[in-house]
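Chemist: This is the structure I have questions about; it appears just below.
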Amino acid sequence: MSHRSLVPAARCRACASRALTAALAAVVLAALLAQAPAAGQTPSSATKATTAGKAWTPPHTPDGRPDLQGIWSDSTLTPLERPKKLGAKEFYTDQEFADLTRRARQGEAVEEADLGAAAPQAVRYDLEVYGFDRTKLSFASTKRTSLIVGPEGVVPPILPQARERNAERTARDRGHEFDSYENRPLQERCILMGQERIPMIPGANEGNLLQIVQGPGYVTLLHEIDHSTRVIPTDGRPHVPQNIRQYQGDSVGHWEGNTLVIDTTNFTNLTAYRGSSEKLHLVERFTRAADDTMIYQFTVEDPTTWAKPWTAEVPWTRTKGPVYEWACHEGNTMISTILRGARVAEAEAAQKKAK
């Protein structure tokens, strides 16, 4: 039984709203695809040419905007945070980078702290069981020692008020973790998976694909996971009123030269990105650096959580795709199994106490 069957009838209106939103996103995506240049249309040789002393020039869409379209992968071995042993070292030397890449590619011993999301995880199956081979992955082409930029290379420590806020939430939920589907994390409920949530952090060689489609006044980002589609207006409109809150916030975009800038506010306090609050403010920047390279940079700010903003940079690589369907709900019994297990455990505990 899918855990959708556990949703009370009173929440059906919300379900219908989500379904309508998904349908509208699909319609917009189809419209943008229809406006996109045909697959056979490629930049001129003059545009593609990159020579010493001459900057690479990105192709443009029919409406004159930089062409970011295509299927991109953010797969990388570079960790989000810099390994402590490297201190303030922000970049590897050419020799260090070559040696680290060679050892990872040949399957030699590499410290887990250097492997990013591909590091072994005790809570999941061996990646190789499903064909995930980290020797096929690479470190960030920028030679950065961490995706987070700057001398610290780590997420700033959260403020005391944020620690207190998160501790209160944990204490409030303690003992009620299995009361209902509403007590379970959004990821378990297939509402918002880790890699599709924004900002987008690379995973371990799965769920790494994102397709970008452009049209006049809009850019659409189709993530591989859960058919997640973000339709970003770039026509100068303001954010929706502050009283409207969403899991992924409200995103509006604009162009700064060759860079697409997406500004997102209006998050809920249920998203809690790395302990953040509804004051979370995210700025994403997409810059095509070569025919096969996109630089995705994001800056996270929340004055109630961190003393200062922090920024990360992820090089993306263009791939042929296709973007296959990655579904979570279909045939999923995770929530119903978890809650059933909790009820069984409670019954067993009650019987034991009665003896």
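The values are calculated or read from the model by the stated rules, or taken from the named source; none is laboratory data. Keep in mind that what you see is a predicted model, and the values were worked out from it rather than measured. As a convention, Cβ positions derive from the backbone with ideal geometry for all residues, glycine included, and neighbour counts pool all protein chains shown. Quick note on the areas: whole protein, heavy atoms, side chains included, nothing else; ligands and nucleic acids left out. Shrake-Rupley method; radii C 1.70, N 1.55, O 1.52, S 1.80 Å.
Chemist: Determine which member of the set 188, 152, 164 is in a loop (DSSP other than H, G, I, E, B), at pLDDT 90 or above, open to solvent by 20 Å² or more (accessible area, probe 1.4 Å) and not polar (S, T, N, Q).
Modeler: Numbers: 188 fails: at pLDDT 90 or above; 164 fails: in a loop (DSSP other than H, G, I, E, B).
The unique qualifying residue is 152.
Chemist: Quick check: anything in the range 308-326 under 22 Å from residue 186 (Cβ atoms) and either touching a Lys or Arg at 6+ places or on another chain (Cβ under 7 Å) or part of a helix (DSSP H, G or I) (or both)?
Modeler: Restricting attention to the range 308-326, the residues satisfying the condition of being under 22 Å from residue 186 (Cβ atoms) are 312, 325-326.
Cutting the leftovers down to either touching a Lys or Arg at 6+ places or on another chain (Cβ under 7 Å) or part of a helix (DSSP H, G or I) (or both) gives us none.
No, that holds for no residue.
Chemist: Six or more apart or on different chains, Cβ under 7 Å: which pairs go from a residue in the range 84-108 that's within 18 Å of residue 152 (Cα to Cα) to one that's outside any loop (DSSP other than H, G, I, E, B)? Could you list them?
Modeler: Note: pairs meeting the criteria are 90/144; 91/144; 92/100.
Chemist: A further question follows. Do we find that residue 283 is more than 25 Å from residue 136 (Cα to Cα), open to solvent by less than 50 Å² (accessible area, probe 1.4 Å) and outside any loop (DSSP other than H, G, I, E, B) in this structure? Don't jump to the end; show me each part of the working.
Modeler: Values: more than 25 Å from residue 136 (Cα to Cα): yes; open to solvent by less than 50 Å² (accessible area, probe 1.4 Å): yes; outside any loop (DSSP other than H, G, I, E, B): yes.
In short, yes.
Chemist: Restricting the range 126-143 to residues that are outside any helix (DSSP H, G or I) and either at pLDDT 75 or above or under 14 Å from residue 79 (Cβ atoms) (or both), which is most open to solvent (accessible area, probe 1.4 Å)?
Modeler: As a first pass, look at the range 126-143 and keep what is outside any helix (DSSP H, G or I): 126, 131-133, 137-143.
Okay, now just the ones that are also either at pLDDT 75 or above or under 14 Å from residue 79 (Cβ atoms) (or both), so 137-143.
Working: 137: 15, 138: 45, 139: 16, 140: 5, 141: 76, 142: 39, 143: 57 Å².
So the residue we want is 141.
Chemist: What pairs come out if I take residues in the range 219-238 that are under 17 Å from residue 186 (Cα atoms) and at pLDDT below 90 and pair them with residues that are open to solvent by 50 Å² or more (accessible area, probe 1.4 Å) and not aliphatic (A, V, I, L, M) whose C-beta lies under 7 Å away, six or more apart or interchain?
Modeler: Sorted first by the residue in the range 219-238, then by its partner, the pairs are 225/326; 226/326.
Chemist: For a quick check of your reading: which helices (runs of 4 or more DSSP H) sit entirely within the range 11-125 and have at least 1 residues that are modelled with pLDDT under 50?
Modeler: Where helices (runs of 4 or more DSSP H) fall fully within the range 11-125 and carry at least 1 residues being modelled with pLDDT under 50, they are 12-35, 45-48.
Chemist: Can I ask one more? Go through the range 230-280 and report how many residues are in contact with a His (Cβ under 9 Å, 6 or more places away or on another chain), over 23 Å from residue 307 (Cα atoms) and open to solvent by less than 40 Å² (accessible area, probe 1.4 Å).
Modeler: 7
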